Amino acid sequence: EGVVQAGQVCPHTLCALAEKVVNFNCEDATCSDMADMVFIDTAVANMGGYAQLTATLQEVFRSAIYEAHQCLRQAVGVIGTPKATAMPMFQPMATFVSDVE
């Protein structure tokens with residue numbers, strides 16, 4: 001969909017991404033080849049272990065999502081907040097059809 005920290009990913013996708021990342025654990029990864037597993041486990045251990053890798057990954061996503069949040073906050077600052085009488089943007093189509101009839 002785009003670059004998260006550039007504000008190019010829609011808010012609903014960011015919420016879904018956050019829910020996945022917050023429960024993600026690098027230690028749950030699997031490998032079908034034993035030699036690859038040993039190689040990967042050694043490399044991860046040299047980087048501080050699976051817990052550190054998970055924390056780093058989560059922080060990268062946390063920072064990117066926060067930067068996207070800042071982009072949205074800036075946009076709201078430019079255009080302002082919705083008026084109480086404004087029509088909601090995402091009304092079901094049935095409402096529009098019944099309004100016409």
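So here's what we get for this one:
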quantity	calculated
Burial order of peptide ranges 27-38, 48-59 (average beta-carbon count within 10 Å, highest first)	48-59, 27-38
Residues in the range 41-80 that a label on K20 would reach, taking backbone N under 16 Å of a point 7 Å out along Cα→Cβ	57-62, 64-65
Restricting the range 49-86 to trypsin sites (Lys or Arg not before Pro) in coil, as DSSP defines it, with at most 10 other Cβ within 10 Å	K83
D_trans [Stokes-Einstein, Kirkwood Rh over alpha-carbon pairs] for the range 1-92, 20 °C, 1.002 mPa s, µm² s⁻¹	133
At 0.692 mPa s and 37 °C, Stokes diffusion of the range 1-53 via Kirkwood alpha-carbon radius, µm² per second	246
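Each value in this text was obtained by applying a stated rule to the coordinates, not by laboratory testing. Not measured: the values here are computed from a predicted model. Neighbour counts run over all protein chains shown; Cβ positions are idealised from the backbone, glycine included.
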